[in-house]
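Trainee: I have a structure I would like to understand better, so I am pasting it below and will then ask my questions one at a time.
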Amino acid sequence: MSAVQAPPSAPEVLARCRDLVRPALRDAVGRLHPWVAEMAAYSFGWCEVGGAPAAAPGGKGVRQALAVLGAEAAGADGRAGIPAAVAVELVHGFSLLHDDIMDGDATRRRRPAVWKAYGTGPAVLAGDALFALAVETLSVAPRGAGAVRLLSAALADLVRGQADDLLFATRPCTGPERVTPEEYRAMAEGKTGALLGCAAALGAALGGAPEATVGALDRAGRHLGVAFQLVDDVLGIWGDPAVTGKPVGGDLRERKKTYPVLAALGSPAARGLPGLLGAPERAEEAAAQIEAAGGRTAALSEARSHTAAARALLTGAPLAAEAAGDLFRLLDHLVHREL
């Protein structure tokens with residue numbers, strides 16, 4: 001009697017989907033102007049400045065995996081989701097290029113950000129090119145017209161979320177103008193959740209899923225995005241720099257209004273927190289106050305709530321069993337990473 005094969009782990013699912021999508025993604029980038037294509041390839045970790053091949057650390061490929069699994073969940077071959085996977089990966093790349101400029105982040109994945117390596121203007125141009133290429137990729141795919149509409153709606157939400165995130169930096173930590181946890185959740189759904197939901201929904205749409213299933217996957221991905229951002233916030237304060245690639249307390253030094261900070265500011269135990277934020281030498285003290293005031297616990301509790309909502313949506317949708325299992329494993333992996 002043959003042994004029962006264990007289901008793939010989440011990292012194995014991510015690797016399988018990356019391998020499936022990579023050739024099409026490289027082909028798409030190769031259609032760009034050579035200089036712009038080099039900057040795009042650098043941003044994906046494929047080359048060094050000047051074009052020499054490299055194997056720099058790239059992203060996990062979460063969005064492209066969701067697109068492939070969305071197609072498989074609809075009962076189609078995962079290859080049906082490749083145009084969706086390429087499009088969302090290009091849009092994600094576009095958003096990172098522009099985010100780094102807006103936030104003044106000089107590094108991305110442990111090497112100079114594109115705007116530091118090539119200049120601000122060229123980096124903006126490369127981001128614009130990735131965005132245009134994403135739309136083109138979807139527009140020529142089967143069922144592409146509806147897919148472009150889904151992507152456009154997600155992009156509008158992404159811009160709103162990014163605008164809110166930038167405006168949060170100008171608002172005070174206390175008083176009637178402070179940022180509320182509710183406003184944060186709306187920002188995170190737009191900035192992070194919209195594209196994750198769109199990835200799964202696009203894959204399902206290209207795989208021929210009914211509208212209700214496409215909508216359920218979109219909403220599940222949005223909840224996943226909020227949970228993912230909440231965990232990112234926790235790691236940005238208490239994560240191991242060797243694992244996260246971020247300096248200890250980096251978010252606190254930059255006075256970012258992350259969920260743990262917002263939750264803690266509402267507690268008397270964090271009365272001195274506003275004065276600690278932004279002081280590099282007092283980041284450890286600020287982190288201790290946030291934890292004592294319940295900020296870390298609140299963020300992780302909120303992440304669990306959004307994870308449960310995503311699971312409920314996936315459970316209630318008529319999805320192919322194997323793909324649904326992969327989606328559940330991926331969801332758990334992303335919200336429990338390095339905690």
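The values are calculated or read from the model by the stated rules, or taken from the named source; none is laboratory data. Values in this document were obtained by computation on a predicted structure and should not be read as measured data. Note: ideal-geometry Cβ built from the backbone for every residue, glycine included; neighbour counts use all protein chains shown.
Trainee: Here are GLY225, GLY278, GLY239: which of them is modelled with pLDDT of 95 or more, small (Gly, Ala, Ser) and within 26 Å of ARG110 (Cα to Cα)?
Mentor: Just one listed residue meets the conditions, GLY225.
Trainee: Just to check your reading of the model, which residue among PRO34, PRO53 is free of Cβ contacts under 8 Å to residues at least 12 places away in the same chain and touching a strand residue (DSSP E or B) at 6+ places or on another chain (Cβ under 7 Å)?
Mentor: Sole residue among the options that is free of Cβ contacts under 8 Å to residues at least 12 places away in the same chain and touching a strand residue (DSSP E or B) at 6+ places or on another chain (Cβ under 7 Å): PRO53.
Trainee: Condition first: of a type in the set (A, V, I, L, M, F, W, C) and surrounded by fewer than 21 Cβ atoms within 10 Å (Cβ to Cβ). Can you find one or more residues in segment 208-218 that meet it?
Mentor: Scanning segment 208-218 turns up at least one residue that is of a type in the set (A, V, I, L, M, F, W, C) and surrounded by fewer than 21 Cβ atoms within 10 Å (Cβ to Cβ).
Trainee: Answer yes if at least one residue in segment 254-275 is among the aromatic types (Phe, Trp, Tyr) and over 17 Å from the mean Cα position of the chain (by Cα), and no otherwise.
Mentor: No, that holds for no residue.
Trainee: Does ALA264 satisfy the criteria of being farther than 21 Å from ASP165 by Cα and crowded, with 20+ Cβ neighbours inside 10 Å?
Mentor: In short, no.
Trainee: Still on this structure, I have one more. Is it true that ARG311 is surrounded by 17 or more Cβ atoms within 10 Å (Cβ to Cβ), under 21 Å from the mean Cα position of the chain (by Cα) and not aliphatic (A, V, I, L, M)?
Mentor: Taking the combined requirement at face value, the residue satisfies it.
Trainee: Moving to a separate point now. If the Cβ limit is 6 Å and pairs must be 6+ apart or interchain, which residue in segment 113-139 that is free of Cβ contacts under 8 Å to residues at least 60 places away in the same chain pairs with which residue that is in a helix (DSSP H, G or I) and of a type in the set (Phe, Trp, Tyr)?
Mentor: GLY127/PHE94; PHE131/PHE94
Trainee: Search segment 129-151 for residues being more than 13 Å from ALA205 (Cβ to Cβ) and exposed (fewer than 14 other Cβ atoms within 10 Å of the Cβ), and hand back the single one that is modelled with the lowest pLDDT.
Mentor: Result: VAL140.
Trainee: I've got another one for you. Can you pull out the residues in segment 62-104 that are acidic (Asp, Glu) and surrounded by 24 or more Cβ atoms within 10 Å (Cβ to Cβ)?
Mentor: The answer is GLU72, GLU89.
Trainee: Further question on the same structure: So, in segment 288-308, of the ones that are surrounded by 20 or more Cβ atoms within 10 Å (Cβ to Cβ) and of a type in the set (Gly, Ala, Ser), which residue ends up farthest from the chain's Cα centre (by Cα)?
Mentor: In this case the residue turns out to be ALA293.
Trainee: In this structure, is GLY294 at pLDDT below 90 and out of contact with any Pro (no Cβ under 7 Å at 6 or more places or on another chain)?
Mentor: Spelling it out, it is not the case that GLY294 is at pLDDT below 90 and out of contact with any Pro (no Cβ under 7 Å at 6 or more places or on another chain).
Quick grid of which residues meet (1) closer than 12 Å to ALA204 by Cα; (2) small (Gly, Ala, Ser):
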residue	(1), (2)
VAL49	no, no
PRO53	no, no
GLY61	no, yes
LEU66	yes, no
GLY75	yes, yes
ALA85	yes, yes
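Trainee: Are there helices (runs of 4 or more DSSP H) fully within segment 1-73 with at least 1 residues that are at pLDDT 95 or above and among the aromatic types (Phe, Trp, Tyr)? List them.
Mentor: 34-43
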